[in-house]
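In what follows, a structure is listed as structure tokens, so that the remarks can point back to it.
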Amino acid sequence: MGPGLIEVWMLYYPIFLKGLVGTLKYAAIAVFFGTLLGCFIAILHLSKNKIINAIAVVYVNVLRGTPLLVQMYIAYFFLPMAFPVMNALSKEQYVILSLILNSSAYVSEIIRGGITSVDKGQTEAARSLGMSSKNCMMQIIMPQAVKNILPSLANEYIAMIKETSLAGTFMCYELMYTRTLLANKFLMWQPLFIIAGIYLVVTLVLSFFVKLLEKRLAASD
Amino acid sequence: MINEKEVIIEVVDLKKNFGDLEVLKGINEKIYKGEVVSIIGASGGGKSTFLRCLNMLEVPTGGHVYFEGNELVDGTTDLDAHRQKIGMVFQHFNVFPHLTVLRNITITPMLEKGMSKEEAEKEAMDLLKMVGLEDKANEYPRKLSGGQKQRLAIVRALAMHPDVMLFDEPTSALDPEMVKGVLEVIKDLTDTGMTCVIVTHEMGFAKTVSDRVLFIDDGLVMEEGTPEELFDHPQNPRTQEFLSKVL
């Protein structure tokens, strides 16, 4: 069996903590840029132009309908081969890219829901004042949409924390990658439970804050 | 009285379908500068749709809308520029809940007309004083009553210095005790010579404030005239029937 969990933790906790930092970093990058890109996709999705709309629908369906792991393999092995220009990116950046793209598809659906949840009268009022459609979207609709979807976005961040475990497959230093590191030291089972425990604590704590956020937002209405 | 008859809005053979439903069946109408026109009629008759076609919130299926001589329907004109001169007040206020009362008023003049913050806020404060909301300037709309929200919506539209104001049932969503305050603001506005088109169910108000009343039913202007003509001596049987129900 080898050493116990506590012993392994005491010996190697800097490695786990470094992994956790990596995990939170990847999740934050994926959700931040995924949100920016997701806003853009959501607006395309809401376009009345059929072609633009179709592009967004295909984008979202492909990225949500295929496993992230497959997307990562494609980003990691296929993209540098198919588009040599993109060799400017490091291997890690390809993995991050696939996380961002994947996240953008999920976030765009959340944002689209947020935008359509804003009363149509808001758009009508803004446009009747002579506000351009761009200003109406950025100044009137988006701020209200974002407030409506903050809890969903936060939950997406929590989900993304778990998704980033796949990045360890490509030797990106995150929590799951610590298993590979410690397996080299013949620690086969202990890291798995420590890693699972860390994920659980982080997601439970963050979920608790999302609940608080939801209450605060509900109170401000 | 309107002596010089300068047309500000002209509507020619205006048609609007929602799917198979014909809501407007060919309306011809002229709104003159300085005129106060009330539109009455049963729900579903096309009053609101007609009003919403005047600033292209509804895109007509057929016909023409000319605002100050510019055709709005054919898609070649800069709609935003014209809409800045056509104020609109909605049944459900549609104030911006995420912006303060003051910002509700200043945002569009600042964004679209490049007005400075100081200038826009000074003007907004004057407008708020006009409707008795100056002490609410830094509140958010959720703190306002329905009547206060509607008065805010009115001055928000006025901040764009419109040439005409459209009112779409401005008091229909208000508690009864709030109606008077809003109607007074509209009355004051008509006294300043502002051109107003008002869709309303407040027959008493329509009678006192209007130069002309249109009765719209079944997608057509069935009858029009001065308030006295229309309310006291309606000619069309449909008008008579409608008025017998509401008066």
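Could you work out the per residue convex hull volume over the alpha carbons of segment B:165-231, in cubic angstrom?
Taking only Cα atoms, segment B:165-231 has a hull volume of 92 Å³ per residue.
If eta is 1.306 mPa s and T is 10 °C, what Stokes-Einstein diffusion coefficient results for the protein assembly as shown, Kirkwood Rh from Cα pairs, in µm²/s?
61 µm²/s
Give me the lysines in straight-line cross-link reach of B:LYS136: C-alpha distance below 19 Å, same-chain residues under 8 apart excluded.
Hits, sequence-local ones excluded: B:LYS117, B:LYS122, B:LYS149.
For n ≥ 4 DSSP H runs only, could you compute -39500 (n - 2.57) per run for the protein assembly as shown, divide by its residues and tell me the 222 nm figure to the nearest 500?
So the helix-based figure for the protein assembly as shown works out to -17500 deg cm²/dmol.
With +1 assigned to the C-beta of every Lys and Arg and -1 to the C-beta of every Asp and Glu, and no other charges, what is the dipole magnitude of the protein assembly as shown about the Cα centre in debye, to the nearest 20? Mind dumping the intermediate values first?
Numbers: 44 positive and 51 negative charges, 539 e Å.
Computed charge dipole of the protein assembly as shown: roughly 2600 debye.
For A:MET1 and A:LEU213 in the same chain, what is the full-extension length gain: residue separation times 0.36 nm, less their Cα-Cα distance, in nm?
72.0 nm is the gain from fully extending A:MET1 to A:LEU213.
Using 7 Å Cα-to-Cβ label points, what is the A:THR169/A:TRP189 separation (nm, one decimal)?
Those two pseudo-labels are separated by 2.6 nm.
Mind checking the alpha-carbon convex hull of segment B:53-125 and giving the volume per residue in Å³?
Here the figure is 118 Å³ per residue.
Go through segment A:169-174 residue by residue and turn each phi into a ³J(HN,Hα) via Karplus (6.51, -1.76, 1.60, θ = phi - 60°); whole Hz please, and just put x for glycine and proline.
4, 9, 6, 7, 6, 9
In Å and from the alpha-carbon atoms only, list the Rg and Dmax of chain B.
Spelled out, the Cα radius of gyration and Dmax of chain B are 18.0, 55 Å.
Using DSSP loop states and a limit of at most 13 other Cβ atoms within 10 Å to flag chymotrypsin sites (Phe, Trp or Tyr not before Pro), what is the longest stretch of chain A containing no flagged site?
Maximal segment without exposed cleavage sites: A:1-185.
Is any residue of segment B:188-205 close enough, with backbone N under 18 Å, to a label point placed 7 angstrom from the Cα of B:MET130 along the Cα-Cβ axis, and if so, which?
Correct set: B:188-198.
Taking the Cα centre of segment B:1-118 as the origin, how large is its charge dipole in debye, to the nearest 20, when only Lys and Arg (+1) and Asp and Glu (-1) carry charge on their Cβ atoms? Kindly include the intermediate steps, with their values, before the conclusion.
Working: 13 positive and 16 negative charges, 83 e Å.
Dipole magnitude for segment B:1-118 comes out near 400 debye.
Give the residue from B:LEU247, B:PRO176, B:ALA206 lying farthest towards the positive end of the charge dipole for segment B:144-247; charges sit on Cβ (+1 for Lys and Arg, -1 for Asp and Glu) and the dipole is referred to the Cα centre.
B:PRO176
Regarding segment A:96-135, what whole-number volume in Å³ per residue does the convex hull of its Cα atoms give?
In segment A:96-135, the Cα hull volume divided by residue count equals 61 Å³.
Considering the zone a paramagnetic label at A:TYR13 would reach in this model (a point 7 Å from Cα along the Cα-to-Cβ line), which residues of segment A:189-204 have amide N under 19 Å from it?
Residues A:190-203 qualify, since their backbone N sits under 19 Å from the label point.
Please say if chain A is rounded, prolate or oblate, where rounded means a/c under 1.5 for a ≥ b ≥ c the square roots of the C-alpha gyration tensor eigenvalues, and otherwise the choice is prolate for a/b larger than b/c and oblate otherwise?
oblate
Using Cα centres only, tell me the gap between segment A:1-64 and segment B:185-215 in whole Å.
Cα centres, segment A:1-64 to segment B:185-215: 57 Å.
For B:ILE86, enumerate residues with amide H under 5 Å from its amide H, sequence gap 5+ or separate chain, H modeled in the peptide plane.
Residues meeting the amide H criterion: B:ASP163.
Hey, with R₀ at 30 Å, roughly what FRET efficiency would B:GLU228 and B:GLU71 work out to, going by the Cβ-Cβ distance, to 0.05?
For B:GLU228 and B:GLU71, the calculated efficiency is 0.30.
Along the Cα→Cβ direction, 7 angstrom out, place labels at B:VAL7 and A:ILE55. What is the inter-label distance in nm?
4.3 nm
Within straight cross-link reach of B:LYS25, meaning Cα distance under 13 Å, which aspartates and glutamates are found once same-chain residues fewer than 8 apart are removed?
The qualifying aspartates and glutamates are B:ASP13, B:ASP217, B:ASP218.
In terms of the Cα gyration tensor, with a ≥ b ≥ c the square roots of its eigenvalues, is segment B:1-99 rounded because a/c is under 1.5, prolate because a/b exceeds b/c, or oblate?
rounded
A:LYS18: which aspartates and glutamates have alpha carbons under 15 Å from its alpha carbon, excluding same-chain residues fewer than 8 sequence positions away?
Leaving aside aspartates and glutamates fewer than 8 places away in the same chain, those within reach of A:LYS18 are A:GLU174.
With no solvent and one equal point scatterer per Cα, compute the Debye intensity ratio I(q)/I(0) for segment A:95-210 at 0.14, 0.18, 0.19, 0.22 Å⁻¹ and report its log10, rounded to two decimals.
For segment A:95-210 at q = 0.14, 0.18, 0.19, 0.22 Å⁻¹, log10 I(q)/I(0) is -0.72, -0.95, -1.00, -1.16.
Between 0 and 90 degrees, rounded to the nearest ten: what's the tilt of helix A:142-163 against the longest Cα principal axis of chain A?
So the inclination is approximately 20 degrees.
What do you get for the angle between helix A:5-45 and the principal long axis of chain A? Use alpha-carbon atoms, 0 to 90 degrees, nearest ten.
Result, in degrees: 20.
Treat segment B:204-247 as a sphere of radius equal to its Kirkwood radius over Cα pairs and apply Stokes-Einstein at 10 °C in a medium of 1.306 mPa s; give the translational diffusion coefficient in µm²/s, rounded to a whole number.
Translational D for this selection: 152 µm²/s.
Give me the percent of DSSP beta bridges within chain B that run antiparallel, rounded to the nearest 5.
55 percent
When a/c is below 1.5 the answer is rounded, else prolate if a/b is larger than b/c, else oblate, so apply that to segment B:130-193 with a ≥ b ≥ c taken from the square roots of the Cα gyration tensor eigenvalues. Could you put the intermediate results ahead of the total?
Values: a/c = 1.74, a/b = 1.21, b/c = 1.44.
Note, shape of segment B:130-193 comes out oblate.
Let me confirm the definition first: pairs of Lys residues in segment A:114-221, 8 or more apart or on different chains, C-alpha distance under 26 Å. How many are there?
So the count of such lysine pairs works out to 10.
Readers should treat all values here as calculations from the given coordinates under stated rules, not as data from a laboratory. If you're wondering where the values come from, they're calculated on a predicted model, not measured in any experiment. As a convention, Cβ positions derive from the backbone with ideal geometry for all residues, glycine included, and neighbour counts pool all protein chains shown.
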